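Right, one structure below, let's go through it.
The values are calculated or read from the model by the stated rules, or taken from the named source; none is laboratory data. Since the model is a prediction, treat every value here as computed from it, not as a measurement. Methodologically, a virtual Cβ is constructed for each residue, glycine included, from the backbone with ideal geometry; neighbour enumeration extends over all protein chains shown. SASA here: full protein model, heavy atoms, side chains in, ligands and nucleic acids out. Shrake-Rupley method; radii C 1.70, N 1.55, O 1.52, S 1.80 Å.
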Amino acid sequence: MTEIKFLLKFGKREHLESLVKGNIYCSNAITFWGIEDKLKIKGQGDILEAGTRMFAQKMIMHNPDTKEIIAEYGNSNGLMRVELAEKMPVFCMFAVYEKDCKIDDDGTVSINLSDDKKQMIRDHFPNADAVAIIPNPEVFIEDIRNSIGTEIKAENVHYFHIDKGFDTKDGQTAMDMEYMKYLMQDVPPVKDDKGTRYTFYADYAFRVLFCKDVFFEKEQEYRIILPNEVIEDGKSYPVRLSEKYEICDLNFFFEKTEE
């Protein structure tokens with residue numbers, strides 16, 4: 001993650017004060033569904049968390065044990081979710097890359113977000129009034145890894161055409177195959193006379209939480225996922241942070257990071 005210069009966490013100051021004291025508050029995918037579905041805040045919420053839209057000219061559903069055909073559909077567009085990932089704890093941050101920074105005359109690297117990204121943050125996180133600034137991402141992640149007491153997966157979110165797919169020349173809608181390849185990267189694809197078969201094993205269910213639709217691309221999200229944990233609601237995990245982190249008023253932060 002050497003290309004990431006800073007991590008930012010946007011939110012209410014009271015919540016961020018808890019974070020810098022060493023409390024990592026995680027949510028699950030079900031929470032994100034509700035934020036978009038019930039609160040109508042798409043950006044902070046996402047009904048596609050831990051799931052995808054399936055586009056197919058023909059879809060056949062089999063019982064995984066008996067191979068019996070359960071249902072057959074023609075031209076299909078369906079929302080499918082990965083049940084094993086629905087209640088995995090997720091902690092989200094904004095990744096600041098070199099392109100989002102400027103170097104001062106004395107060599108100091110400082111954050112310099114574009115106006116478009118600032119507006120996106122305001123739109124997608126309307127309740128945020130402050131930001132926690134993490135200038136040493138690798139140390140922060142390692143502190144969590146060493147003290148949270150369970151396995152973590154930490155990675156940039158990858159953005160694909162999940163929600164609308166691609167229009168084909170024959171008027172159909174195709175899925176983003178780069179998305180499918182990312183999800184199923186752990187098992188080699190198998191080619192036969194019918195085409196290429198991709199397999200997604202339960203052990204890698206966490207990968208679906210590192211994927212989001214291109215609508216969210218400007219969020220530049222970096223996530224920590226606890227793949228062996230199950231939470232029904234939001235949960236705070238205590239960690240030992242080796243460094244102190246600054247909390248800044250959001251308006252002031254945006255003003256001092258003018259382009």
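Selection within the range 87-116: residues that are of a type in the set (D, E, K, R) and more than 21 Å from the chain's Cα centre (by Cα). The member of this set that is most open to solvent (accessible area, probe 1.4 Å) is ASP105. Residue pairs whose Cβ atoms lie under 7 Å apart, sitting 6 or more positions apart in sequence or on different chains, and linking a residue in the range 216-231 that is farther than 9 Å from VAL90 by Cα to a partner that is of a type in the set (Ser, Thr, Tyr) and in a loop (DSSP other than H, G, I, E, B), are ASN228/THR150; GLU229/THR150.
For first residues located in the range 97-123 and in contact (Cβ under 8 Å) with a residue 12 or more places away in the chain and part of a strand (DSSP E or B), partners that are charged (D, E, K, R) and surrounded by 14 or more Cβ atoms within 10 Å (Cβ to Cβ) and lie 6+ apart or on another chain with Cβ distances below 7 Å form the pairs TYR97/LYS5; CYS101/LYS5; VAL109/LYS5; ILE111/ASP100.
Condition check ((1) assigned to a strand (DSSP E or B); (2) under 14 Å from the mean Cα position of the chain (by Cα); (3) surrounded by fewer than 20 Cβ atoms within 10 Å (Cβ to Cβ)) across all residues:
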| residue | (1), (2), (3) |
| --- | --- |
| THR196 | yes, no, yes |
| LYS218 | no, yes, yes |
| TYR222 | yes, yes, no |
| GLU232 | no, no, yes |
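Quick one: in the range 23-50, of everything that is of a type outside the set (A, V, I, L, M, F, W, C), surrounded by 16 or more Cβ atoms within 10 Å (Cβ to Cβ) and assigned to a loop (DSSP other than H, G, I, E, B), which residue is modelled with the highest pLDDT? Checked the range 23-50; the qualifying residue modelled with the highest pLDDT is ASN28.
For the range 71-86, check the following and say yes or no: at least one residue is over 19 Å from HIS158 (Cα atoms) and either within 17 Å of the chain's Cα centre (by Cα) or at pLDDT 80 or above (or both). Yes: one or more hits. Going through the range 144-158 one residue at a time, which ones are in contact (Cβ under 8 Å) with a residue 40 or more places away in the chain and either of a type in the set (Lys, Arg) or under 17 Å from ALA205 (Cα atoms) (or both)? Once the filter is applied, which keeps residues that are in contact (Cβ under 8 Å) with a residue 40 or more places away in the chain and either of a type in the set (Lys, Arg) or under 17 Å from ALA205 (Cα atoms) (or both), the range 144-158 yields THR150, GLU151, ILE152, LYS153, ALA154, GLU155, ASN156, VAL157, HIS158.
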